[in-house]
Amino acid sequence: MIALLAFIRNYWIAITLITLAAITALSLWPPERLPSIPGSDKTHHFIAYAALIFPTVLRKPNYWPLIGLFFISWSGAIELLQPYVNRYGEWPDMTANTSGLVCGLLAAKLSNRLFPGALESHPD
């Protein structure tokens, strides 16, 4: 577990950018071409945004709260753009996104407390 957390901390920027790109692409993709995945739409939003914030908070750069605010804003922008790409922009989706961000933040903070040995992977 410590090795996995150290890996995420070391490559947090790449992991975050790939996750953000995937969320953006899937959120703006035509609905008839999306794969069928079990679970509710809100659950998918929640999990995606929890995964998005987790590496950033795990690494804890000094500006991580600004990154979190950017993710909330990005989420809102996607919801506003979806009607223009034959999708439905729903504010409950943004609520699920924000809830996922909060949960991912808490999970990363808990991971940092439970596995302090993994913090030695970077000099901050």
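The values are calculated or read from the model by the stated rules, or taken from the named source; none is laboratory data. Bear in mind the structure is a predicted one, so any value in this text is a computation, not a measurement. Cβ atoms come from the backbone with ideal geometry, glycine included; neighbour counts cover every protein chain shown. Heavy atoms of the whole protein, side chains included, go into the accessibility calculation; ligands, DNA and RNA do not. Shrake-Rupley method; radii C 1.70, N 1.55, O 1.52, S 1.80 Å.
Tabulated data for the structure shown
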read-out	value
Net +/- balance of residues flanking SER99 in space, Cβ distance below 15 Å, scoring K and R +1, D and E -1	-3
Accessible-area composition of the chain, carbon plus sulfur, in percent [1.4 Å probe]	71 percent
Per-peptide average of other Cβ atoms within 10 Å, ordering 37-43, 62-68 highest first	62-68, 37-43
Sites SER99 and TYR11, calculated FRET efficiency, Cβ-Cβ separation with R0 30 Å, nearest 0.05	0.70
Förster radius 30 Å - calculated FRET efficiency between PHE115 and LEU20, Cβ distance, rounded to 0.05	0.75
Given charges at beta-carbon only (K, R positive; D, E negative), |dipole| of the chain in Debye	280 debye
Probe 1.4 Å, accessible area per residue of the chain, Å²	61 Å²
From phi via Karplus (6.51, -1.76, 1.60), per-residue ³J(HN,Hα) for region 47-53 in Hz, x at Gly/Pro	5, 4, 6, 5, 5, 5, 7
Spin-label proximity, TRP29 to region 39-79 - amide N less than 18 Å from point 7 Å beyond Cα toward beta carbon	39-52, 78-79
Neighbourhood net charge (13 Å Cβ-Cβ; Lys/Arg +1, Asp/Glu -1) for GLU90	-1
For the chain: relative contact order, % (alpha-carbon pairs under 8 angstrom, 6 or more apart)	38 percent
Radius 14 Å from Cβ of LEU80, net charge of other residues (Lys, Arg +1; Asp, Glu -1)	-2
Area accessible to solvent at PHE70, 1.4 Å probe radius, in Å²	90 Å²
